[in-house]
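A short reminder: the numbers here are calculations on the coordinates, not readings from a lab. Everything numeric in this text was worked out from a predicted model, so none of it was measured. So basically every Cβ, Gly included, is an ideal-geometry build from the backbone, and we count neighbours across all protein chains shown.
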Amino acid sequence: MKKLSGRIITIERTPVFLGQDVLSSVDRFIRQMHLGREGIFILADKNTRKHCLSLLMENSGVMADAVILEIEGGEGAKTLATAERLWNEMLEAGAGRNSLLVNLGGGVVSDLGGFVAAGYKRGISYINIPTSLVGQCDAAIGGKTSVNTGILKNQVGFFYSPKAVFICPRFLATLPAAHFRSGMAEIIKCALVGDAGLWRRILHHPVPGLLSLPPGHRFLEELLTSTVNFKNRIVNRDYREQKLRKVLNFGHTIGHALESRSLLDPGAPLLHGDAVAAGMICALFLSTQKTGLDPSVNETARKYLVDGFPPCKADLDSIDRIMEIMAHDKKNFRGKFLFTLLSAPGYPLTNISCDRDEVAAAIQYYIGIVEG
Ligand code: GLY
């Protein structure tokens, strides 16, 4: 294969190209891999169609005739009903087994698009071009695809890997500040569970500076490279999340429940990263109780997260509701709440069982912090 531009990290046989110029390699990759012989379909949401499609098209000739599939923005679009609508649109447009789906968007687009690709005619090829920070550092890599069921997140899906992922930080210039912040929560998660040195380097950056790093900034590229490399090490050893991959769920056990709960409220739901930041505050507290995390480490991390991320709506009355939602989570097992906790930054422990009282105490701790 001719050299394609960008740093290449291979995750579960999927090349991940990372760099400012990676879009110039997309056409060559598609041709070299003989993809899209029966047409190319681009899945975008309303926002990425408006703000990101032109940058992709400027760099691609092979996509000039692609059929654009559009969805609404946001988690609410990640449903079986949307997938069915997209399958019908692809059938009507004549998509075949050798068609290619290009997912241009954030985590919702890559989760849903991967799911659509996995199901269409029992599986067609797809590539991910993540445009959000959550997508670039996490969601678009590792082959997890899913839709939500009701308010429960990611309950139905497949492990089904893309043919390639192209991570171009230039897309981040189109991202609203709140969505950039949301992605930073996933980067902080990777540092806390996998890279104590990276966590220390993050702490050298005051929160406002970290949350406003411009797309071309060297530290942002370092953060992206480190998190993609970290995910690479995890996913290559445990693609199907039997054990090790669960480290990536740090902050997600309570975070997902808060995110699901917010779907019941009127107005915009919580952003994924904001919910994960709240979930990490709870998980750090539980780590001091259950896995020996030094309280001063908890304090530093908690302060950083509280300074950086908005409080999530949770009140004492909603603790039961949050735990009810958690009971459906696939991360939990036979009535026990299973957490990924830390004994220190870089030292995660998976499947730590916590009972209802311990979980309630962690949520109360969070409520006390954001209200105090
Ligand atoms: N986003 C968590 C994982 O890919 O396992």
Among LEU338, GLY157, LEU293 - extreme Cα towards positive end, dipole of the chain, charges at beta-carbon: GLY157
Label points 7 Å out from Cα along the Cβ direction at LYS50 and ASP27: separation in nm? 2.9 nm
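For region 107-224, what does the relative contact order come out to in percent, with C-alpha contacts under 8 Å and a separation of six or more?
Numbers: 160 pairs, mean separation 29.7, N = 118.
Relative contact order of region 107-224: 25 percent.
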May I ask you to list the residues of region 327-366 whose amide nitrogen lies under 18 Å from a point 7 Å from Cα along the Cα→beta-carbon direction of ARG237? 340-352
Expressed as a rounded percentage, what relative contact order does the chain have, with Cα pairs under 8 Å and six or more residues apart? 14 percent
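Could you give the length gained by full extension between LEU80 and ILE8, i.e. 0.36 nm per residue of separation minus their alpha carbon distance, to one decimal place? Before the final figure, lay out each step's value.
Working: separation 72, 0.36 × 72 = 25.92 nm, distance 3.32 nm.
This chain segment gains 22.6 nm when fully extended.
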Using the crude model of +1 on Lys and Arg Cβ and -1 on Asp and Glu Cβ, and no other charge, please compute the dipole size for region 330-372 relative to its Cα centre, in debye to 20. 320 debye
Which one of TYR304, SER262, HIS328 has its Cα pushed farthest toward the positive end of the charge dipole of region 244-372, where Lys and Arg give +1 and Asp and Glu give -1 at the Cβ? HIS328
Scoring only Lys, Arg, Asp and Glu (+1, +1, -1, -1) among other residues with Cβ under 10 Å from the Cβ of ALA278 yields -1
Which value at 222 nm does the chain reach when only helices count, each DSSP H run of 4 or more adding -39,500 (n - 2.57), with the total divided by all residues and rounded to the nearest 500 deg cm²/dmol? -13500 deg cm²/dmol
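Could you work out the relative contact order of region 236-372? I mean the mean sequence separation of Cα pairs under 8 Å and 6+ apart, divided by the number of residues, in percent. Present the calculation step by step, with values, prior to reporting the outcome.
Working: 185 pairs, mean separation 39.6, N = 137.
Here the relative contact order equals 29 percent.
Arrange TRP199, TRP87 by Cβ neighbour counts within 10 Å, fewest through most, would you?
Details: TRP199 20, TRP87 15.
Going from sparsest to densest Cβ surroundings: TRP87, TRP199.
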Using only the Cα atoms of the chain, build the gyration tensor, take square roots of its eigenvalues as a ≥ b ≥ c, and label the shape rounded, prolate or oblate: rounded if a/c is under 1.5, else prolate if a/b is larger than b/c, else oblate. prolate
Evaluate the charge dipole of the chain about its Cα centre and quote only its size in Debye, nearest 20, assuming +1 on the Cβ of each Lys and Arg and -1 on the Cβ of each Asp and Glu. 1320 debye
Tally the DSSP beta bridges in the chain and give the antiparallel ones as a percent, rounded to 5. 45 percent
Please work out the Cα center distance from region 8-71 to region 207-244, rounded to the nearest Å. 21 Å
Region 1-139 - share of DSSP beta bridges that are antiparallel (%, nearest 5): 25 percent
Can you put SER343, SER226 in order, fewest other beta carbons within 10 Å first? SER343, SER226
Row for region 101-174, column shape: gyration tensor on C-alpha, a ≥ b ≥ c, rounded if a/c < 1.5 i.e. under 1.5, prolate if a/b over b/c, else oblate; value oblate
Net charge dipole size for region 24-125 [Lys, Arg +1 and Asp, Glu -1 on Cβ; Debye, nearest 20]: 300 debye
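Of LYS46/LYS189; LYS50/LYS246; LYS231/LYS330, which sit over 24 Å apart, Cα to Cα? Working shown, then result.
On the way: LYS46/LYS189 29 Å; LYS50/LYS246 35 Å; LYS231/LYS330 20 Å.
Beyond 24 Å: LYS46/LYS189; LYS50/LYS246.
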